[in-house]
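Okay, structure first, notes after.
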Amino acid sequence: MPRILLIKTSSLGDVVHNLPVVSDLVTALPGVAVDWVVEEAFTAIPRLHPGVSRVLPVAVRRWRRTPWQPRVWRELRQFLRELRAQDYDAVIDTQGLFKSAWIARAARGLRHGLDRASSREPLGWFYDRVHAVPWGPHAVERNRRLAALALGYSSGGPAQYGICADAPLPVGLDEGPHAVLLHATSAERKLWPEAHWIALGNALAARGLVCLLPWGTPAECERSEQLAAQIPRARVPPRLGIDALAPLLARARLVVGTDTGLAHLAGALGAPTLGIYCATDPSATGLYACRQARNLGGPGAAPSADEVIAAALEWLS
C-alpha cells in the first residue's frame, strides 16, 4: 500500500486549497494512505477528509516567536521523531516555502517540490526531485498538478474537496435558518465597509435569516458586536474553533465572506458562498470549484452593497 506525505502547513485558505490533492490521490492510487503535516491551528481541516490517515501538527508559527525557550526545542524534537517514524513512498511539499521545505527534507522518503521558476523561494536543494508548475492556474490546480507530476498520474477532471461536516451545531446556534457573515480578514485593505455589511444584514434579516457574525480576535469581536447591534436578530456567537465553525458553515443558507480562509472552507463544504474581494485577485486564490460560489470584486474594485445583496437574494429566491 503506497503511503504519501503531504506538506501544506498554512494558512487556512491554502490548507483548504490542498484538499483536492487528497481526493486525487485516493482516486489515482487505490488503497493509498495519506498523511499531512499542518499547523496546529488548522488540524481540523485535513481531518474533515476521509482520505487522510494521519495528521501531524507542527507549530512553526508559535515556535519562531520564542525560539530560545527549552519547551520549543522539546516540541521540535518530538515532532521530528513522529515525522521520521514513518517511511514514505513520496513526500510532496505543495507549500513551496522554506518553512515547509525543511520539513520535507527531514522526512523519510523521496522528496518532491517546485522548481526555482515555480516557487517564491530557491528551495531546490531541499528536494530529491523538482517539478515545473505554471503560475497562471488557480492555487487548487497548482497543488493538484504538483502531486500528479510527482506520482505520475493525470490531474484532469474537476477538483473535488471531498469533505463534509455533519457534527451537531453548537448549542444555541441551531434555532432556524441562518446566514454567516465573515467580515474579518487578515489585512485592513481586504475589509469591506461596515455600512455595506449592515445593508446586507438588513436585507437578509428581512428574508427571515438570522445573521451570525463569528470572530477570532478581540478586535473582530468588537466589530461583530457593532455590526450585530444594527442588524435585526443578528447574533455574535462565542469564539468558535474550526471544529465548531465547520458545521455552522455547512448548514448555512448563505455565507458571505471577505478574502478569508473561512470563506474558502464554507465553499469547500458546499454552502452557498459569496466571496468579497477588495484588494486581491480572485482568479488566483478566490473561491474555486465549489458547488455554489461566486467571487465579487477585485483589486481596487470592491463590490457595492447593492451588488452583493442582489447576488445573495438571487440565490435565496
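For region 156-187, filtering for residues that are loosely packed, with under 15 Cβ neighbours inside 10 Å and within 19 Å of T260 (Cβ to Cβ) leaves 2.
State yes or no: is R233 of a type in the set (D, E, K, R), over 25 Å from the mean Cα position of the chain (by Cα), part of a loop (DSSP other than H, G, I, E, B) and surrounded by fewer than 16 Cβ atoms within 10 Å (Cβ to Cβ)? Yes; evaluated as a whole, the condition is true for this residue.
Conditions (1) free of Cβ contacts under 8 Å to residues at least 60 places away in the same chain; (2) in a loop (DSSP other than H, G, I, E, B); (3) not hydroxyl-bearing (S, T, Y), marked per residue:
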site	(1), (2), (3)
A252	no, yes, yes
V255	no, no, yes
D259	no, yes, yes
A266	no, no, yes
G275	yes, no, yes
N295	yes, no, yes
A311	yes, no, yes
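Taken over region 29-56, the criterion of being more than 14 Å from L5 (Cβ to Cβ) and either β-branched (V, I, T) or part of a strand (DSSP E or B) (or both) is satisfied by E39, T43, I45.
Going through (1) closer than 30 Å to I4 by Cβ; (2) surrounded by 14 or more Cβ atoms within 10 Å (Cβ to Cβ); (3) of a type in the set (K, R); (4) within 21 Å of the chain's Cα centre (by Cα) one by one, K190 falls short only on (1). Just one of (1) farther than 30 Å from A165 by Cβ; (2) crowded, with 19+ Cβ neighbours inside 10 Å; (3) under 23 Å from the mean Cα position of the chain (by Cα) fails for L48. It is (1).
Yes/no matrix, rows are residues, columns are (1) in contact (Cβ under 8 Å) with a residue 40 or more places away in the chain; (2) small (G, A, S); (3) farther than 30 Å from S118 by Cβ:
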| residue | (1), (2), (3) |
| --- | --- |
| A159 | yes, yes, no |
| P168 | yes, no, yes |
| K190 | yes, no, no |
| A195 | yes, yes, yes |
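Taken together, L265, L274 contain a single residue that is within 18 Å of S11 (Cα to Cα) and buried (at least 24 other Cβ atoms within 10 Å of the Cβ), which is L265. Report yes if some residue within region 76-91 is touching a residue at least 24 places away in the same chain (Cβ under 8 Å) and part of a loop (DSSP other than H, G, I, E, B); otherwise report no. Within region 76-91, one or more residues are touching a residue at least 24 places away in the same chain (Cβ under 8 Å) and part of a loop (DSSP other than H, G, I, E, B). In the set (1) surrounded by 17 or more Cβ atoms within 10 Å (Cβ to Cβ); (2) touching a residue at least 24 places away in the same chain (Cβ under 8 Å); (3) closer than 20 Å to I309 by Cβ; (4) not acidic (D, E), R207 fails one condition alone, (1).
Computed from the coordinates by the stated procedures, all read-outs in this text should not be read as laboratory data. Nothing here was measured: the structure is a model prediction, and the numbers come from that model. When we count neighbours, we look across all protein chains shown, and the Cβ atoms used for this are built from the backbone with ideal geometry, even at glycine.
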